1. Specify which of the listed residues (56, 40, 77) is closer than 26 Å to residue 167 by Cβ and either buried (at least 16 other Cβ atoms within 10 Å of the Cβ) or among the basic types (Lys, Arg) (or both).
2. Going by what's in this entry, would residue 169 be described as within 22 Å of residue 213 (Cβ to Cβ), surrounded by fewer than 17 Cβ atoms within 10 Å (Cβ to Cβ) and over 15 Å from the mean Cα position of the chain (by Cα)?
3. Could you grab the pairs with beta carbons closer than 7 Å, sequence gap of 6+ or different chains, first residue in region 202-217 and over 16 Å from residue 33 (Cβ atoms) and touching a residue at least 40 places away in the same chain (Cβ under 8 Å), second one assigned to a strand (DSSP E or B) and of a type in the set (D, E, K, R)?
4. For the structure I just gave you, tell me whether residue 92 is of a type in the set (Ser, Thr, Tyr), within 20 Å of residue 244 (Cα to Cα) and out of contact with any Ser or Thr (no Cβ under 6 Å at 6 or more places or on another chain).
5. Which one is surrounded by the fewest Cβ atoms within 10 Å (Cβ to Cβ) among residues in region 238-247 that are assigned to a strand (DSSP E or B) and not aromatic (Phe, Trp, Tyr)?
6. In this structure, does residue 34 turn out to be within 21 Å of residue 250 (Cα to Cα) and over 18 Å from the mean Cα position of the chain (by Cα)?
7. Working only within region 172-221, note down all residues that are over 30 Å from residue 151 (Cβ atoms) and charged (D, E, K, R).
8. All but one of (1) within 18 Å of residue 196 (Cβ to Cβ); (2) modelled with pLDDT of 95 or more hold for residue 79; which doesn't?
Amino acid sequence: MKVTKGFFFILCIFVRSAVAQISPPGLGAGHTADWIALGVRQDLDSLKKWESMSYVGLGRKSNLTNYNPFYKSSILVLNQEFYYRFHKHWQSSFALSYRRQDEYSDEYPFEHENPAFEQEFRLYSRLSYLLETPRLKFVPTFRQEFRKFFTPAFTKEAESFQLRSRLRLQLTVNLDAAKVHRLVISSEQLFSASELSYPNRWTGLVYHESRFVGYYSLSPKSLPLIFDLGYMANRLGATSPSYVHYLALDVIWKNPFGHRWSAKRPPNGNLE
């Protein structure tokens, strides 16, 4: 836990102020799961076009034989992302992420595999189009990921490399004029192609999963914090799908280094 806290404060060097949830990652087969994340956001330039998001997140999940979302450890995520608002309706981003995910057998008693966990380094970028009114914000986003996997000893995994494309539609509803209370709903579909080590070949680009997310977001005017409480239904597979149900909570610290610029920036969109 001390190591996790240390990584969190190292990551908190940069970040931002807009409202946006930190959506759960997919944790694989199970019935239920939980996700908690702590993030920091900060404006980075006087024109308010650049901003940064850093967070640490932890996830746990159930077995296939129970419904306890806290039953066993599943993932640690360290993430750094930078956003650039280059037009009134357009935003891009680029990010680097490290993930340590536990690997479990699909057969009873569902113990750790050998090796017990997988390491992942991920580069990704987004392109978003923003449409908004005082009450509503609609944001379609395309996200391209480059994922590299390693064993605990940093040797090759059976799935060595993956290209994954994600398409998401997100709607934010402001429940009051001050934008203290919000609802955020989204639907995202994921497609990927993988390089396998054994045998040495590439798979085709295929659909793998969908994620349906709903969040209630609270941003008190008296605190530099955003509290997000949410639910995600993760649909796995195409022909015989299964579902994993997530509970999620994140807390985001807004502009811990202060607002050094007086110019107003238009509200941002589609962060994760």
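The values are calculated or read from the model by the stated rules, or taken from the named source; none is laboratory data. The shown structure was predicted, so the numbers you read here are calculated from the model rather than taken from an experiment. Glycine gets a Cβ as well: all are built from the backbone with ideal geometry, and neighbour counts include every protein chain shown.
1. On the way: 56 fails: closer than 26 Å to residue 167 by Cβ; 40 fails: closer than 26 Å to residue 167 by Cβ.
That would be 77, the only listed residue that is closer than 26 Å to residue 167 by Cβ and either buried (at least 16 other Cβ atoms within 10 Å of the Cβ) or among the basic types (Lys, Arg) (or both).
2. On the way: within 22 Å of residue 213 (Cβ to Cβ): yes; surrounded by fewer than 17 Cβ atoms within 10 Å (Cβ to Cβ): yes; over 15 Å from the mean Cα position of the chain (by Cα): no.
No, not satisfied.
3. The qualifying pairs are 217/182; 217/228.
4. Numbers: of a type in the set (Ser, Thr, Tyr): yes; within 20 Å of residue 244 (Cα to Cα): no; out of contact with any Ser or Thr (no Cβ under 6 Å at 6 or more places or on another chain): yes.
Here the answer is no, as residue 92 does not meet what is asked.
5. Going residue by residue through region 238-247, those that are assigned to a strand (DSSP E or B) are 242-247.
Filter again for not aromatic (Phe, Trp, Tyr), leaving 242, 244-245, 247.
Numbers: 242: 13, 244: 23, 245: 15, 247: 16.
So, considering only residues that are assigned to a strand (DSSP E or B) and not aromatic (Phe, Trp, Tyr), the one surrounded by the fewest Cβ atoms within 10 Å (Cβ to Cβ) is 242.
6. Details: within 21 Å of residue 250 (Cα to Cα): yes; over 18 Å from the mean Cα position of the chain (by Cα): no.
No; evaluated as a whole, the condition is false for this residue.
7. Applying the first criterion (over 30 Å from residue 151 (Cβ atoms)) to region 172-221 yields 172-187, 212-221.
Residues satisfying the conditions are 176, 179, 182, 221.
8. With (1) within 18 Å of residue 196 (Cβ to Cβ); (2) modelled with pLDDT of 95 or more applied to residue 79, the lone miss is (1).
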